[in-house]
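**Student:** The structure's right below; bear with me while I get my questions together.
The values are calculated or read from the model by the stated rules, or taken from the named source; none is laboratory data. The structure presented is a predicted model; accordingly, all values stated were derived computationally and were not measured. Positions of Cβ are generated from backbone atoms using ideal geometry, with glycine treated the same way; all protein chains shown enter the neighbour counts.
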Amino acid sequence: MTHLTAVSGSNCAIVSGAVLLLCLRLRARPAVAAICAAAALAGFVVLARPSPSVLRAAVMGGLALIALASGRPRAALPALCATVGLLILLDASQAISAGFTLSVLATAGLLLVAPGWREALRRCRVPAGLAEALAVPAAAQLACAPVIAGMSGTVGLVAVPANLLLAVPAVAPATVLGVLAALVSPFWPAAAAALAWCGSWPAWWLVTVARVGAQVPGGVLPWPAGLGGGLLLAVVLLALLAAGRSRWVRRLLAVVVVAIVVVVLPIQVVAPGWPPPGWQLVGCAVGQGDALVLRVAPLTAIVIDTGPEPSAVDGCLRRLDIQVIPLLLLSHLHADHVGGIEGAVSGRSVGAVLVGTYKLPDTGEQTLMAAVRRHHLDVVTVQPGDSYRVGPVQLTVIGPAATFRGTRSDPNNNSLIVMANLAGTTVLLPGDAEREEEDSVLSARVPLHVDVLKVPHHGSMYSDPAFLDAAAPTVAVVEVGLGAMTTDIRVPA
């Protein structure tokens, strides 16, 4: 329902449409009604400030309103194409603007799809007003769905019923009352306050519908992102529209919808699936490598390592709906810890990348620096004693105490060892530390007892059992690939 919180073509159409309806009720001549509606649209643009997005919305909304009111909406398609071309000619950046694309597609849906759906509902004896209210937002949602799926990597199952059945009745009152309150406020503040209070109730309803709809289990399905995902959904929707002309296909689709409502949704309520509510830490399945996610807030998490390749960690973060990474910590620069950095940072807001002082192997540093240059990331070198807090999560670096050289694996033995506190749940994250580094931490008598241990070096034979005994976790997480060699490590409960 994001489109309802911004100035869109529907807002402009509602304002000018309300004035047009009032003029018709007063039996004004069509020319007078059209002038009044145009004046109202111009006034709304001034009120909302004539930015490019508002002007674009006014053009699209006015065009859609005129087309629908004329009774020949498809005849306005050439005007839509001409308007789109003119707007791009005036501002070439519109051609790559997601908002512009959604405005054009929504208007095209109103002109090409909504009339047919409205008439089909009328033939099914649906009242004219209800048929219009159902057909218009459904057509706009259908037209915009491929672009939204390509941008978000999801397909919303709740969006259409939430908009059609719950939100639509409140949009017009909230818009009209808000505009009236703004117009009256300069010379009659008391009346403006009363109008604003009245408008607050439908606005509250819209917010409530959005909040509850976003929490519906199974309300959003994962979908391939990018151009390919958008084109795939467009093909699927076109195929469904074509098949829907057959009566038996419509009946089959009705059976599927009923089955989803009666069977699938109740199961989702009982077992809501992934991720579970209130999750704190997730070990991503990235094969032979490390990638852990520490939840900070909705949409926000700290990421520890990124696995060996981009797609696995990106998929994990998408399923967790992580869009902001305030801290990305790389324990060391082996490929199975840094190779997926591109998948973690692409399309997300990243605050800082934390690394240790040891910068080998060279291939890992090259992978890191390529991502840094491409995404303009800030790299911070940390050492034992450094501490970072983001919301309820605190990270404290406790190792390595010194730079190790000449060991079986110097990069592993120079892994950052980090103690994390997740609002009272303690987690030990030792990277791929081996005996030498583990013994140095034990010698420093650093308190290691934790609730959760990320088992060092994927559960290899190179850990010191005394280090595991000191951690004594309740839960142990082993990040290991299928078929990898592991030893039987004893982790006390």
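**Student:** Which residues, taken from the stretch 334-349, are outside any loop (DSSP other than H, G, I, E, B) and closer than 14 Å to Gly315 by Cβ?
**Tutor:** From the stretch 334-349, those outside any loop (DSSP other than H, G, I, E, B) are 335-338, 341-345, 349; that's our starting set.
Matches in the stretch 334-349: Glu342, Gly343, Ala344.
**Student:** Any idea which residue in the stretch 363-385 is nearest to His337 (Cα to Cα), counting only those that are in contact with a Ser or Thr (Cβ under 8 Å, 6 or more places away or on another chain) and not in a loop (DSSP other than H, G, I, E, B)?
**Tutor:** For the stretch 363-385, the residue satisfying everything is Thr381.
**Student:** Given (1) aromatic (Phe, Trp, Tyr); (2) at pLDDT below 90; (3) in a strand (DSSP E or B), identify the lone condition not met by Tyr388.
**Tutor:** (2)
**Student:** Going by what's in this entry, would Ala106 be described as assigned to a helix (DSSP H, G or I), modelled with pLDDT of 70 or more and either of a type in the set (Lys, Arg) or closer than 30 Å to Ile322 by Cβ (or both)?
**Tutor:** Values: assigned to a helix (DSSP H, G or I): yes; modelled with pLDDT of 70 or more: yes; either of a type in the set (Lys, Arg) or closer than 30 Å to Ile322 by Cβ (or both): yes.
Yes, satisfied.
**Student:** Against the conditions (1) buried (at least 16 other Cβ atoms within 10 Å of the Cβ); (2) closer than 27 Å to Leu360 by Cβ, where does Met461 fall short? Just the number, please.
**Tutor:** Among (1) buried (at least 16 other Cβ atoms within 10 Å of the Cβ); (2) closer than 27 Å to Leu360 by Cβ, Met461 violates only (1).
**Student:** Against the condition at pLDDT below 90, outside the structural domain of Val345 (by TED's automatic domain parsing), within 22 Å of the chain's Cα centre (by Cα) and farther than 30 Å from Gly343 by Cβ, how does Val258 come out, does it pass? Explain how you work it out, then say what you get.
**Tutor:** Working: at pLDDT below 90: yes; outside the structural domain of Val345 (by TED's automatic domain parsing): yes; within 22 Å of the chain's Cα centre (by Cα): no; farther than 30 Å from Gly343 by Cβ: yes.
Judged against the criteria, Val258 is not a match.
**Student:** Considering only residues that are of a type in the set (Val, Ile, Thr) and under 24 Å from the mean Cα position of the chain (by Cα), look in the stretch 333-368 and name the one that is nearest to Gln394 (Cα to Cα). Give the derivation first.
**Tutor:** In the first step, residues of the stretch 333-368 are kept if they are of a type in the set (Val, Ile, Thr); the result is 338, 341, 345, 350, 353, 355, 357, 363, 367.
Filter again for under 24 Å from the mean Cα position of the chain (by Cα), leaving 341, 345, 350, 353.
Details: Ile341: 22, Val345: 21, Val350: 17, Val353: 16 Å.
Restricting to residues being of a type in the set (Val, Ile, Thr) and under 24 Å from the mean Cα position of the chain (by Cα), the top hit is Val353.
**Student:** For the stretch 413-431, enumerate the residues that are at positive phi and out of contact with any strand residue (DSSP E or B) (no Cβ under 8 Å at 6 or more places or on another chain). Working first, answer last.
**Tutor:** Residues of the stretch 413-431 that are at positive phi, as a first pass: 423-424, 431.
Within the stretch 413-431, Gly424 is the sole residue that qualifies.
**Student:** For Ala352, state whether it is assigned by TED's automatic domain parsing to the domain that holds Gln394, buried (at least 18 other Cβ atoms within 10 Å of the Cβ), outside any loop (DSSP other than H, G, I, E, B) and at pLDDT below 95. Give the derivation first.
**Tutor:** Details: assigned by TED's automatic domain parsing to the domain that holds Gln394: yes; buried (at least 18 other Cβ atoms within 10 Å of the Cβ): no; outside any loop (DSSP other than H, G, I, E, B): yes; at pLDDT below 95: yes.
Judged against the criteria, Ala352 is not a match.
**Student:** Do the conditions hold for Ala234, that is, is it more than 19 Å from Gln141 (Cβ to Cβ), modelled with pLDDT of 85 or more and not acidic (Asp, Glu)?
**Tutor:** Numbers: more than 19 Å from Gln141 (Cβ to Cβ): no; modelled with pLDDT of 85 or more: yes; not acidic (Asp, Glu): yes.
Considered against the rule, which asks whether it is more than 19 Å from Gln141 (Cβ to Cβ), modelled with pLDDT of 85 or more and not acidic (Asp, Glu), Ala234 comes out as no.
**Student:** Also, quick follow-up: Identify, by number, the condition in (1) at pLDDT 90 or above; (2) closer than 23 Å to Pro411 by Cα; (3) of a type in the set (A, V, I, L, M); (4) not in a helix (DSSP H, G or I) that Leu360 doesn't meet.
**Tutor:** The one condition Leu360 does not meet is (1).
**Student:** What residue, of Val324, Val293, Val303, is without any contact (Cβ under 8 Å) to a residue 40 or more places away in the chain, under 18 Å from Arg389 (Cα atoms) and either of a type in the set (Ser, Thr, Tyr) or crowded, with 21+ Cβ neighbours inside 10 Å (or both)?
**Tutor:** Numbers: Val324 fails: either of a type in the set (Ser, Thr, Tyr) or crowded, with 21+ Cβ neighbours inside 10 Å (or both); Val303 fails: without any contact (Cβ under 8 Å) to a residue 40 or more places away in the chain.
One residue alone meets the criteria, Val293.
**Student:** To continue, here is another question. Please pick out the residue among Thr403, Thr381, Thr487 that is β-branched (Val, Ile, Thr), at pLDDT 90 or above and surrounded by fewer than 17 Cβ atoms within 10 Å (Cβ to Cβ). Let's see the steps before the verdict.
**Tutor:** Working: Thr403 fails: at pLDDT 90 or above; Thr487 fails: at pLDDT 90 or above.
It is Thr381.
**Student:** I would also like to ask the following. Being surrounded by fewer than 18 Cβ atoms within 10 Å (Cβ to Cβ), of a type outside the set (A, V, I, L, M, F, W, C) and in a loop (DSSP other than H, G, I, E, B) is the filter here, so list the residues in the stretch 410-448 that pass it.
**Tutor:** Answer for the stretch 410-448, where residues must be surrounded by fewer than 18 Cβ atoms within 10 Å (Cβ to Cβ), of a type outside the set (A, V, I, L, M, F, W, C) and in a loop (DSSP other than H, G, I, E, B): Gly424, Arg445, Pro447.
**Student:** Residue by residue through the stretch 348-367, note down the ones that are in contact with a helix residue (DSSP H, G or I) (Cβ under 8 Å, 6 or more places away or on another chain) and under 18 Å from Arg295 (Cα atoms).
**Tutor:** The answer is Arg348, Val350, Val353.
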